[in-house]
Amino acid sequence: MVVPPSGERVATALGVYESEGDRLSLMLVVVGPRTRELALLQAGAGLTLLGPLGNGFDLTALGDDVALVAGGVGVAPMLLPARDLRARGARVKLYYGARNAAALVDVDLFAALGVELALATDDGSRGHHGYVTDLLERNGRGHDAIAACGPSPMLRTVGNVARSLGVRAQLSLEETFACGVGACWGCVVPLDRASTQAPAFPAAADGEVRAYVHARICKEGPVFWAHELRW
Amino acid sequence: MVTAGSQPDISTSLGALRLDAPTLMASGCYGSGEEYAPFVDLARIGGVVLKSVTRLPRLGNDAPRLVPVASGLLNAIGLQNPGIDAYLAHDVAKFADRPCAVVGSVAGFSVDDFAYVTERLAARDEIDAIELNISCPNVAHEGETFACDPTLAGAATRAARAVTRKPLIVKLSPNVTDIADIARVVEAAGADALAVVNTVRGMSIDIERAAPRLGNVTGGLSGAAIRPIAVLAVWEVARAVRIPILGQGGIETARDALEFILAGASAVSIGTGNFTDPRAPIAVADGIRAYLAARKLSSLAQIVGTANPGFVRGR
């Protein structure tokens, strides 16, 4: 959670892009006044940062042939996992989609790690003209697992494609956050009651027994197994 | 007068509930008590008001539950909680070593609910006081009705009063025609203090989808946007009752808190302000102490209600 110097009273949740020694990089896309203020910060400006919060991709559960699927700024949490997966010798393919060629950032960094690339743009200015999930659907068979981050509609599609391919997928979800630490229960997603990530909750709710519980994206997540989500 | 080197006394009380500092963490913004513990020295705040608990478990409302709006936040959580049985079995024991006051919050859908949950929660040693949440705007059937109907507000308060001698704080809704009227009834029904106010009803519509943004359609507005509404509510309630007031609604700084105190609040709660600065309740307490020191005043009690000519002394 990042609070810009103006003290705008709702924090912005950002993913860590790179981390080396005492240096931390955050990636953001300017969508409104808060992200604009962050983007315009000068060197030496101060920020309030609360974190790191929540979980991350479970790299040990992804196997030796991994599909990373990123939509837009959803590429932010992919670089560190790509580096770690490559370091242990895994085959990694990045399926990366964005609005246009200019919005596909740092593709070279991934290529330099030996990551195979499958690119898509909405306007066809680079790679496949269409959704990145089209590429996953077409070529995704054979991966041990998928790790995806991007807009919710894309993640739902990744979950569906993963099921049809018979491949397990970890999805890093996005929501509006208020506290970021699990206190306010504002950022929830329905999760299978049997999931190891499901918060402890009695079986009878409002007099009914439901197969799901509401898990906090900021606390139990943001990464969940696609086949355990009931959204 | 303050002698050199001594600090003004910012301790206060809500009925028999003694607070070392006049700032509390508001209900729903502090979870079950443990989430903020790594970030905040609880010994430096007055207390925490826990998330409301109901008789039965509640899954809460469908997402989205939050919409940031200009100078505030719309929420519709829907009282998600594990129910009183699981709450007593798993959560309450964690509050035993809190270095500040712990206020349990009770919500319900009938007078009997309020009595039942209050009795069970108040029986625990870890709970210092009870807040009766009769004003949640985000649950279907009768959530807020209790705070909007004098007869029901009085009945819920009497029912809770009958089952505990611990301090009883009743949380009022701003979504009423005359909050002073409700306050008088709740005071007469045996409340020890009043929390003023809960969120203001509101909504936001996504014009691209032509649909409400919140899963629950309507929600409660909090944050700076509602502060003037809340200050006025405290002002009006302070003229109507003699029991102490816990002021809340968009407080982020000591200056904000002082408006509530000068209107007649003996203590304040910080809710949405925690989300960008979990240490806000500490900074607010420090700022209140500095305000008193700058005016060479020795205690908080000397300024409660001083901007409000109709404030009734002697509480």
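The values are calculated or read from the model by the stated rules, or taken from the named source; none is laboratory data. Since we're looking at a predicted model, the values are computed, not measured. No Cβ is skipped: glycine too gets one built from the backbone with ideal geometry, and neighbour counts run over all protein chains shown.
What the table below lists for this structure:
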read-out: Lone qualifier among B:ARG165, B:ARG184, B:ARG201 - being part of a loop (DSSP other than H, G, I, E, B), surrounded by fewer than 22 Cβ atoms within 10 Å (Cβ to Cβ), at negative phi and among the basic types (Lys, Arg); value: B:ARG165
read-out: In region B:145-172, the residues that are among the charged types (D, E, K, R) and in contact with a strand residue (DSSP E or B) (Cβ under 8 Å, 6 or more places away or on another chain); value: B:ARG161, B:LYS166, B:LYS171
read-out: Matching residues, region A:174-186, being at the interface with another protein chain (Cβ under 7 Å from one of its Cβ atoms) and crowded, with 24+ Cβ neighbours inside 10 Å; value: A:ALA178, A:CYS179, A:VAL181, A:ALA183, A:CYS184, A:TRP185, A:GLY186
read-out: Residues located in region B:46-68, provided they are more than 7 Å from chain A (Cβ to nearest Cβ) and in contact with a Phe, Trp or Tyr (Cβ under 9 Å, 6 or more places away or on another chain); value: B:VAL48, B:VAL49, B:LEU50, B:LYS51, B:VAL53, B:THR54, B:ARG55
read-out: Residue satisfying condition, being more than 12 Å from chain B (Cβ to nearest Cβ) and modelled with pLDDT of 95 or more, within set A:ARG36, A:ARG23, A:ARG83; value: A:ARG83
read-out: Only listed residue being over 23 Å from A:ARG34 (Cβ atoms), buried (at least 24 other Cβ atoms within 10 Å of the Cβ) and within 14 Å of chain B (Cβ to nearest Cβ), chosen from A:LEU171, A:LEU191; value: A:LEU191
read-out: Checking B:ASN75 against (1) within 17 Å of the chain's Cα centre (by Cα); (2) at the interface with chain A (Cβ under 10 Å from one of its Cβ atoms); (3) surrounded by fewer than 23 Cβ atoms within 10 Å (Cβ to Cβ), the condition it does not meet; value: (3)
read-out: Residue in region A:133-153 that is among the small types (Gly, Ala, Ser) and within 14 Å of chain B (Cβ to nearest Cβ) present; value: yes
read-out: Residue within region A:209-220 that is within 9 Å of chain B (Cβ to nearest Cβ) and touching a Lys or Arg at 6+ places or on another chain (Cβ under 7 Å) present; value: yes
read-out: Selection from region A:58-89 of residues that are part of a loop (DSSP other than H, G, I, E, B) and either basic (Lys, Arg) or touching a strand residue (DSSP E or B) at 6+ places or on another chain (Cβ under 6 Å) (or both); value: A:LEU62, A:GLY63, A:ARG88
read-out: Residue list for region B:78-107, restricted to those being in a loop (DSSP other than H, G, I, E, B), within 23 Å of B:ALA147 (Cβ to Cβ) and either modelled with pLDDT of 95 or more or away from chain A (no Cβ under 14 Å) (or both); value: B:ALA107
read-out: Failed criterion for A:ASN55 (all others in (1) under 16 Å from the mean Cα position of the chain (by Cα); (2) of a type outside the set (D, E, K, R); (3) part of a strand (DSSP E or B) hold); value: (3)
